[in-house]
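**Q** Right, I'll just put the structure down here and ask away after.
The values are calculated or read from the model by the stated rules, or taken from the named source; none is laboratory data. Everything numeric in this text was worked out from a predicted model, so none of it was measured. Backbone-built Cβ (ideal geometry, glycine too); neighbour counts: all protein chains shown. Calculation scope for accessible area: heavy atoms of the full protein, side chains included, ligands and nucleic acids excluded. Shrake-Rupley method; radii C 1.70, N 1.55, O 1.52, S 1.80 Å.
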Amino acid sequence: MTAPHESDRPQELDLALAAKLLDAQPFSRLVGARLTAFGDGAATIEVDIRPELHQQNGFLHGGVLSYAADNALTFAGGAVLGPAVLTGGFSIQYVRPATGRTLIARAQVVHGGRRQAVVRCDLSTVDEEGTEKLCAVAQGTILPVARE
């Protein structure tokens with residue numbers, strides 16, 4: 001997310017503004033990520049799975065899963081803390097190889113305070129028939145950007 005000065009922080013972000021913040025990230029545009037839900041301590045990011053995002057065995061690359069988790073965690077945390085946030089750290093557990101047509105990263109704040117938000121993210125893929133399969137789970141800590 002972007003880092004405006006604390007006093008410039010909008011009282012509330014909406015989906016349209018949050019989507020513009022995601023689109024401002026060159027890497028997000030490169031992978032074709034889109035923010036499809038945002039607010040109330042939650043965020044959903046989707047990425048269409050295409051061959052350039054695969055690893056050598058034909059599965060979605062773990063780096064793409066980590067990217068989606070990181071951004072979904074951060075945007076969900078930003079829904080509570082405001083847009084000036086960074087990921088303090090996160091872990092990801094891969095449940096199964098990711099295959100399908102779309103990756104969906106759904107993040108939800110588990111605990112939010114003034115100094116941090118703890119966020120969980122489920123990453124699923126959707127196949128051609130519309131069936132979702134959980135492929136990874138992530139959890140992270142999101143922090144407000146300190147202004148000097």
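**Q** Which whole-Hz couplings ³J(HN,Hα) result when phi for each residue of the stretch 132-145 is put into the Karplus expression 6.51 cos²θ - 1.76 cosθ + 1.60, θ = phi - 60°, listed in order with x for Gly and Pro?
**A** Running phi through 6.51 cos²θ - 1.76 cosθ + 1.60 with θ = phi - 60° gives 8, 9, 5, 10, 6, 10, 10, 9, x, 10, 10, 10, x, 6 Hz.
**Q** Convert each backbone phi in the stretch 40-49 into a coupling constant with the Karplus relation 6.51 cos²θ - 1.76 cosθ + 1.60 (shift: θ = phi - 60°), then list the ³J(HN,Hα) values in order as whole Hz, x for Gly and Pro.
**A** 6, x, 9, 8, 10, 10, 10, 9, 6, 7
**Q** A further question follows. Could you tell me the calculated FRET efficiency between Asp40 and Glu128, based on Cβ-Cβ distance and R0 = 41 angstrom, to the nearest 0.05?
**A** Numbers: r = 31 Å, r/R0 = 0.76.
The formula returns an efficiency of 0.85 here.
**Q** Now, a different point. Around Gly88, with a cut-off of 13 angstrom between Cβ atoms, what is the net charge of the other residues, counting Lys and Arg +1 and Asp and Glu -1?
**A** Summing Lys/Arg as +1 and Asp/Glu as -1 gives 0.
**Q** Over its Cα atoms, what ratio of radius of gyration to 2.2 N^0.38 Å does the chain give? Before the final figure, lay out the partial values.
**A** Values: Rg = 14.9 Å, N = 148, 2.2 N^0.38 = 14.7 Å.
Here the Cα radius of gyration is 1.02 times the empirical estimate.
**Q** Here is a follow-up. Which whole-Hz ³J(HN,Hα) couplings does the stretch 56-69 yield from phi under the Karplus relation 6.51 cos²θ - 1.76 cosθ + 1.60, θ = phi - 60°, glycine and proline marked x?
**A** Couplings: 5, 9, x, 9, 4, 5, x, x, 6, 4, 5, 4, 5, 4 Hz.
**Q** Can you give me the long-range amide H partners of Ala98? Hydrogens built in the peptide plane at 1.01 Å from N, cutoff under 5 Å, separation of 5 or more residues or another chain.
**A** Counting only residues 5 or more places away or on other chains, the set is Leu60.
**Q** Once every Cα of the stretch 10-61 carries one equal point scatterer and solvent is ignored, give the base-10 log of I(q)/I(0) from the Debye formula at q = 0.15, 0.26, 0.27 Å⁻¹, two decimals.
**A** -0.49, -0.99, -1.02
**Q** Mind checking the full-extension length gain between Asp48 and Phe27? Use 0.36 nm per residue of separation minus the Cα-Cα distance, one decimal, nm. Walk me through the numbers on the way to the answer.
**A** Values: separation 21, 0.36 × 21 = 7.56 nm, distance 1.43 nm.
Separation in residues times 0.36 nm, less the Cα-Cα distance, equals 6.1 nm.
**Q** Would you mind telling me the share, in percent, of accessible area of the chain contributed by carbon and sulfur at probe 1.4 angstrom?
**A** For the chain, the apolar C and S fraction of the accessible surface comes to 50 percent.
**Q** With every protein chain kept in place and ligands, DNA and RNA left out, what is the accessible area per residue of the chain? Probe 1.4 Å, answer in Å².
**A** 53 Å²
**Q** Given H placed on each backbone N at 1.01 Å, which residues far from Ala37 in sequence or on other chains put an amide H within less than 5 Å of it?
**A** For Ala37, whose amide H was placed from the backbone, the distant partners under 5 Å are Thr44.
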